[in-house]
Amino acid sequence: MTGYVPSTALPSWLLDDARLRAAAQRHDFGTVFRLARRHAGISYSRIAAECDIKPDRVGTLARGQGKVATFEKIVQICDALRIPGRLVGLTDRPWEATPGSGRAGAEVDGTVLRRRFLQAAGLATTMPSILTNPPGRIGQQTVTCLRERTARLRRLDDVLGGGDTFRVYSAEYQATKALLREARYSEATGRALLSVLAEQAQQAGWAAFDGGRESDATSLYEASRVAALDAGDTALVGNALAFLAYQRLGKDRRAGAEIASRSTETIDDGTPASVRALLHERRAWACAVADMPVEAERSLVAANEALAKASEWPQPDWAAWVDRTEVDIMTGRCWTELRRPLRAVTVLERALSQYDDGHARDKALYSSWLAQAYLIAGEAEQAAEVTSRALVLADGVASVRPHKRLQPVLAELSAAKYRTLPAVASVLEQVRG
C-alpha cells in the first residue's frame, strides 16, 4: 500500500482547507467528495472506483443525502483520498510517514484501528483499570464510573449498526460480570452493580438483535431481566420484558402482546416518565402487530401523557432518547401496521422531516413504514420515492433490519401493476445496480 498513490489522493493544500478538515472530523464524506471535485478536479467516478462505492451513491452523498457509517468504509475512503488518520480519529495509516522517523508507518491491524477510532470519540474499547485490575473492595464510585461509561458507549448506536457495536457492548457486559464475581463490595453496591449489568445486557442484546444475532439477543435480554430483578430495578425489568416481547412478536403475536403488557405492569409511582413512555409505546407496537387497535391506541395515549411529564425529573440515560418525534414515529408505525394509511402518512411525514440523516439506520428503518403506508393507500410512486431514499440511507450500515423491512415493500412494487411506473422502475433498477 505504501508505494501506490491513488489518482484520488487529495493535494496537501486541500487537506489544509478548514472546510474539508471539519467535514472529515465529523465523517461528512459527502462534503469531502464535493470539495475534491470542485477544487481538485477529482471526478465522482474516480472516487467511486477507488473507494469501491457505486457512482450514484457518491453523488447522493455529495448532495448531502445519507452518511458513511461503517468503520471499514471510513478506512477505505481515507486510504483512497489519502486523508490522514488523525483527521478522522484513526491511527496513522500505513502510507503515512511516522513523525521523526522518515519511514512509512508500521502496518496496524483492523482491531487496533477500530480501537483508535472509538478512542477518538471518547469511547475506548479497552477496559478501565478498575475492571482489569479490580481492588479488593469497591464502592459506589466504581458503579458511577461504569454507569457513565455505559452511557458514553451508548452513543455509538446513534451512528453504527449492531454488526459494529456488538463486540464492544458484549465485552463491557462480560467485564462487569467478572467484577461482580471477583471483587468485594457492600450489599447496596452489589445491587447497583447488578443494575448496571442489566443495562449493559440490554445494550448488548439490542446490538445482537440489530446485527441479526437473534438467539444471542434473547439470551442477553433474559439475563438482563434476571439481573434487574436481583437488583430490584423495576424499570429495567420492564424494559427487558419489552425487548423480549419485541422478539416474540415474530413467532407468536398474541404472546408478544401479553409480554408487552407485563412490561407495563412493572410501572409504579417511582418509574421515570421517559421509561413509562417507552414501555407504553412498545406495548402499543405489540398490540398493533397483534391486531388489537383499541389497546394500541390506549397505549399511545398513555405514552404521550407520560412524555408530557418527562422534563420534571432526571431521566435514566437508557430511556432519555424517547421524545415527541420518537412517539410520533411509533404512532405512524402502529397505524401502518393496522392498515390506517391516512393516519400513518401524516404523522410519519412530519416526524421523519425532523429526523437527521446522520441517524441513517433508524431513518431508513422508519421510512420503510412510510413507504408501506403509501402502498396500502395505493400510492406506488410515493412509496417508490421513499424506498429509494431509505435504500441510500441504509447502504453501508451494519444492521440487518432496514433491508429486511424494505424487502416486502420492494416485492410489492415489483408486481406487474406497479413496475412499469417510472418512479417504481427507477427504484427497482437502483436495487439491481
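Some notes on this structure:
- Helix-only CD estimate at 222 nm, as mean residue ellipticity for the chain, using -39500 (n - 2.57) per DSSP H run (n ≥ 4): -21000 deg cm²/dmol
- Sorted peptide list for 351-363, 8-20, criterion being average Cβ within 10 angstrom, highest first: 351-363, 8-20
- Options Q372, G332, L391, ranked by Cα towards positive dipole end of the chain, top entry (Cβ charges): L391
- Of S299, S414, the sequence from fewest to most neighbouring Cβ atoms within 10 angstrom is S414, S299.
- Distance between the pseudo-spin-label points of R298 and A411 (7 Å out from Cα toward the beta carbon): 3.3 nm.
- The range 207-272: GluC sites (Glu not before Pro) falling in loop per DSSP and having at most 16 other Cβ within 10 Å: E265
- Quarter of Cα convex hull surface for the range 34-96, i.e. mean projection, nm²: 4.4 nm²
- Considering the chain, its Cα convex hull presents a mean projected area of 23.3 nm².
- Least to most buried among I74, I267 (fewest other Cβ within 10 Å first): I267, I74
- Diffusion coefficient, µm² s⁻¹, Stokes-Einstein with Kirkwood Rh over alpha-carbon pairs of the range 229-323 at 4 °C and 1.567 mPa s: 99 µm²/s
- Binned Cα-Cα distances of the range 172-289, short to long, each 10 Å bin given as a whole percent: 15, 43, 31, 9, 1
Each value in this text was obtained by applying a stated rule to the coordinates, not by laboratory testing. Just so we're clear, the structure is a prediction, and the values are computed from it rather than from any experiment. Every residue, glycine as well, gets a Cβ built from its backbone with ideal geometry; the counts of neighbours run over all protein chains shown.
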